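Asker: Let me give you the structure first, and then I'll get to my questions.
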Amino acid sequence: MNFQPASKQARISIGAAIGLLAGLAFSIAGRQGLLDDWEHSSWGIRVRALARPSPASEQIKLILIDQASLDWASSENQLSWPWMRQAYIPILEFCRRAGARVVVLDMLYTEPSMYGVEDDELFGQTLATVPGSIVAVFSGEQAVQTRVWPEDTPEPPWKIAGLDAWLTPDRRSALQDPGAAFPVGPVRTNAAALGAVRLDPDSDGVFRRIAPFRLFDGRIVPTLGLAAYLIGRAGADVQPLAIEDRALYAGKTRMPIDRKGRVILRYRGPSGTHRAYSAAAVIQSELRLQAGESPTIDPEVFRDSYVFVGASAPGLKDLKPTPVGGDYPGVEIHATLLDNLLEADLMRDVPVIAVVFFSMFLASAAGASIAAASGWLKSAVIFAAFLPIPSVLGALAYAEGWWLPVAVPTAAAATALVGGVILNYATEGRQKRFIKSAFKQYLGEAVIDQIIADPSKLRLGGERRELTMFFSDLEKFSSFSEKLEPPQLIDLLNAYLTDMGRVLMEEGGYIDKYIGDAIVAFWNAPLSQPDHAARALRAAIRCQALLREKQALFSAMAAGMPVRMRIGLNTGEVVVGNMGSQDRFNYTMLGDAANLASRLEGANKAFGTFILAAESTWTAANNSVFGREVGLIRVVGRARPVRVFEPMALDRNGLPPWLPDYEAGLRAVVEKRWQDALTLMEAIPQDPVARAYSMKLRELRGADWDGIWNLTEK
């Protein structure tokens, strides 16, 4: 058994080690994608709670082919889907009229129009008149129209410095498309630029990241959002593209990228955060302007804006699941990338090594803290303190533009906390059960609970300490032994010792031993008790009061004999600790001060009292109980006399009315006014101490006396 603080330190060390292992294990699990579902859910919560529109959001406008547009085209113009190319011409003309900076068409014109070549040519001719027009290239395994760059298509103007060095085989595989579907000739040759529309979701099908560019046949094809940024910023100090390990640069704009070359989108809010207009309303507005009528939409709202044209009608199947909603138009994902580029606030991944160290540190701290805790309340507080930390830091990191994973550190911390609880149960719990088992017969519940709460207070092994000691014995116990049968005697002792022991433990006393009818107890060990003397005096008075209260019961059990208890109390320094053999020992005390307490118990016989306390105890109690001085006595085996007191009551109202007369008589004894003392003491025949003094004074017969009672028996 070890109650030293080192055992607590050992638990803390083990708890910290559990945390380190948990942090490392869950970091590996996180890298393997085993916690992705949890992490993605957490990310969605952060995005939905913290997404805010940016100033650039007002620069971006959407023209959506929604269900209302499809219904209008069908009912008013008998147009079925897909629309003829000329249906888009009013949209282009309206944007040109409004002075839009860029017009991005997130539509596929990869097949010739079913309305004939003229339809494509008219559309292409209009497209050529719109500055900054961008049309979509569909790429990927499903795009098998061509595996080479069309000869009649202008070469992309963009190169990426450092790309060859950056393109590892894995990165090339992730970004390079084996096939592509280009717009028909009149469209692709008249557009200002081509942009890739390929979007790849995460493993759960949600679109959180996007590759800013694709590779096809050795060419760079920027995603629609990046293409819009490059075209819209042309002449605005946009330098050539460059790439390094974790960043893609467009002039001074830095795009943090992951190991696959993708960026994390900072969504501004649910669909509709970017101002959207129905395609039907735009077409009608342009036609009214051409007819000299007032438009439904003021062209000024598109001035100098980045305009994205795309589909939002459910039947057109371009709605994507995103962290901000499950029906987010694909065109708005591209618009979000542009928004992030204009604000230069794309999200960044916290480096993996930082996540690993954070997870291990947090879990280690959690494991150490819970291992050091004692009690369910403290453990609950530690759980409540540690578990939210990753989520709180994850939210704060989001606000600063970082994706800090929370699943890994939360799982690691939770595992460390549970491991610490199990550790405490296996070690401290066993220790607590041992303490309760070992001390429940000797200490009160309150004291045991204190020891369990802080076992370091229990120092086993010998030490010198000031204690207040309690010795008690039953008056004329040999008479009980002679008259009672053994079962009756045992019943009497069990009842008596149970009641007295309960009082002692309620006052925080440690019951050293029962010796037949005798009780040995002490205070201020194993726990420190600054008021140990007061506790002992209260316990003695309460024991006598309880004995008087149950006198009728105990006397009946004792064959009619009165059951009276004598108590001796002393405060002094003794050796306390384990004493005995290595195989069997007791927690007890030893010393001259303990012997004096035992002698004072016997000294009661000389005065007819039932409690005597040494001056050391009376002084240390600091008037916490009420009583009187008895006098100076010299007990057997001690040459030095000791002043003793009789505790009589817990409050002043319990003192006898004749006490002032006794105190006057005692002063006369001290002043050697023998006749006055005798007169005063004889006037209190009901007081056994006064009777003892009267007898002593009569024996003097005029001789001198030093006032010390020399006792001749224990």
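The values are calculated or read from the model by the stated rules, or taken from the named source; none is laboratory data. Just so it is clear, the structure is predicted and the values come from calculations on it, not from any experiment. In this analysis, Cβ positions are derived from the backbone assuming ideal geometry, glycine residues included, and neighbour counts consider all displayed protein chains. Just the protein is used for accessible areas: all its heavy atoms, side chains included, with ligands, DNA and RNA removed. Shrake-Rupley method; radii C 1.70, N 1.55, O 1.52, S 1.80 Å.
Asker: Taking just the C-alpha trace of the range 509-557, give me its Rg and Dmax in Å.
Answerer: Spelled out, the Cα radius of gyration and Dmax of the range 509-557 are 13.2, 40 Å.
Asker: What is the distance in Å between the Cα centroid of the range 393-407 and that of the range 241-270?
Answerer: 17 Å
Asker: Please quote Rg/Rh for the range 515-586 to two decimal places, taking the Kirkwood radius as Rh and restricting both calculations to Cα atoms.
Answerer: 1.08
Asker: Let me ask you something else. Please compute, for the alpha-carbon atoms of the range 635-688, the extent along each of the three principal axes and give them in descending order in Å.
Answerer: Answer, in whole Å and largest first: 37, 32, 18 Å.
Asker: 222 nm [θ] for the chain, helices only, -39500 (n - 2.57) per DSSP H run of 4+, per residue, to 500? Before the final figure, lay out each step's value.
Answerer: On the way: 26 runs with 319 residues, N = 714.
It comes out at -14000 deg cm²/dmol, rounded to the nearest 500.
Asker: Would you mind telling me the share, in percent, of accessible area of the chain contributed by carbon and sulfur at probe 1.4 angstrom? Mind showing how you got there, number by number?
Answerer: Numbers: 17420 of 32320 Å².
In the chain, the share of accessible area belonging to carbon and sulfur is 54 percent.
Asker: Just the number, please: percent antiparallel of the DSSP beta bridges in the chain, rounded to the nearest 5.
Answerer: Roughly 65 percent of the DSSP beta bridges within the chain come out antiparallel.
Asker: Give Lys513/Lys605; Lys605/Lys714; Lys605/Lys696 a once-over and call out the pairs whose C-alpha atoms are over 19 Å from each other. Walk me through the numbers before you get to the answer.
Answerer: Values: Lys513/Lys605 23 Å; Lys605/Lys714 9 Å; Lys605/Lys696 15 Å.
From the list (Lys513/Lys605; Lys605/Lys714; Lys605/Lys696), the Cα-Cα distance tops 19 Å for Lys513/Lys605.
Asker: Hey, another quick one. Under a plain spin-label model, where a point goes 7 Å from the Cα along Cα-to-Cβ, how far apart in nm are Leu387 and Ser41?
Answerer: 1.4 nm
Asker: A further question on this structure: Below 8 Å between Cα atoms, with a sequence gap of 6+, how large is the relative contact order for the chain in percent?
Answerer: About 14 percent, as a whole number.
Asker: Taking a quarter of the surface of the convex hull around the Cα atoms of the chain, what do you get in nm²? Display every interim value, and only then the final one.
Answerer: Working: hull surface 207.2 nm².
Averaged projected area of the chain's Cα convex hull equals 51.8 nm².
Asker: How many angstrom lie between the C-alpha centres of the range 134-163 and the range 512-542?
Answerer: Here the two parts' Cα centres lie 94 Å apart.
Asker: Would you work out which of Val520, Leu547, His532 lies farthest towards the positive end of the dipole of the range 512-555? Charges go on Cβ: Lys and Arg +1, Asp and Glu -1.
Answerer: Leu547
Asker: Follow-up. Using only the alpha-carbon atoms, what does the range 514-653 span along each of its principal axes? Please give whole angstrom values in decreasing order.
Answerer: Result, largest extent first: 45, 35, 30 Å.
Asker: Here's another thing I want to ask about it. Apply 1/(1 + (r/R0)^6) to the Cβ-Cβ distance of Val670 and Val636, taking R0 = 25 Å, and write down the FRET efficiency to the nearest 0.05.
Answerer: 0.55
Asker: Could you give the size of the charge dipole of the range 1-140 about its Cα centre, using +1 on the Cβ of each K and R and -1 on the Cβ of each D and E, expressed in debye and rounded to the nearest 20?
Answerer: 1300 debye
Asker: About the Cα centre of the range 595-714, what is the dipole size in debye to 20, counting +1 per Lys and Arg Cβ and -1 per Asp and Glu Cβ, all else neutral?
Answerer: The dipole of the range 595-714 has a size of about 380 debye.
Asker: For the pair Ala291/Lys317, report the inter-label distance in nm, with labels modelled 7 Å from Cα in the Cβ direction.
Answerer: Using points 7 Å along Cα→Cβ, the separation is 3.6 nm.
Asker: Further question on the same structure: How big is the range 16-132 in terms of Cα radius of gyration and Dmax, in angstroms?
Answerer: Cα radius of gyration and Dmax of the range 16-132 are 24.3, 75 Å respectively.
Asker: Hand me the trypsin sites (Lys or Arg not before Pro) from the range 638-694 located in a DSSP loop with no more than 16 other Cβ atoms within 10 Å, in residue order please.
Answerer: Answer by residue number: Arg638, Lys672, Arg673.
Asker: Under the 0.36 nm per residue contour assumption, what length would be gained going from the current alpha-carbon distance of Arg97 and Gln125 to full extension?
Answerer: Here the answer is 8.5 nm.
Asker: Scanning the chain for GluC sites (Glu not before Pro) in DSSP loops with at most 12 other Cβ atoms within 10 Å, what's the longest stretch left with none?
Answerer: Longest run free of exposed loop sites: 401-670.
Asker: Which listed residue (Val636, Leu122, Tyr277) has the Cα farthest towards the positive end of the charge dipole for the chain, taking +1 on Lys and Arg C-beta and -1 on Asp and Glu C-beta about the Cα centre?
Answerer: Most positive-ward Cα: Val636.
Asker: Taking just the alpha-carbon atoms of the range 104-205, what radius of gyration and Dmax come out, in angstrom?
Answerer: Spelled out, the Cα radius of gyration and Dmax of the range 104-205 are 15.4, 47 Å.
Asker: Within the chain, which DSSP H helices have Cα atoms that stretch 27 Å or more along the helix axis and a mean Kyte-Doolittle hydropathy of at least -0.5?
Answerer: Passing helices, by number: 5-31, 352-372, 407-426, 486-506.
Asker: Still on this structure: How far is it, in nm, from the label point at Ala552 to the one at Leu79 when both lie 7 Å from their Cα along the line to the Cβ?
Answerer: Output for this residue pair reads 11.0 nm.
Asker: Hey, another quick one. Counting other C-beta atoms within 10 Å, and keeping those with at most 15, which DSSP coil trypsin sites (Lys or Arg not before Pro) do you find in the range 268-377?
Answerer: Arg303, Lys317
Asker: Please state the Cα pair-distance histogram of the range 474-569 with 10 angstrom bins from zero: what percent is in each bin?
Answerer: 15, 48, 27, 9, 1
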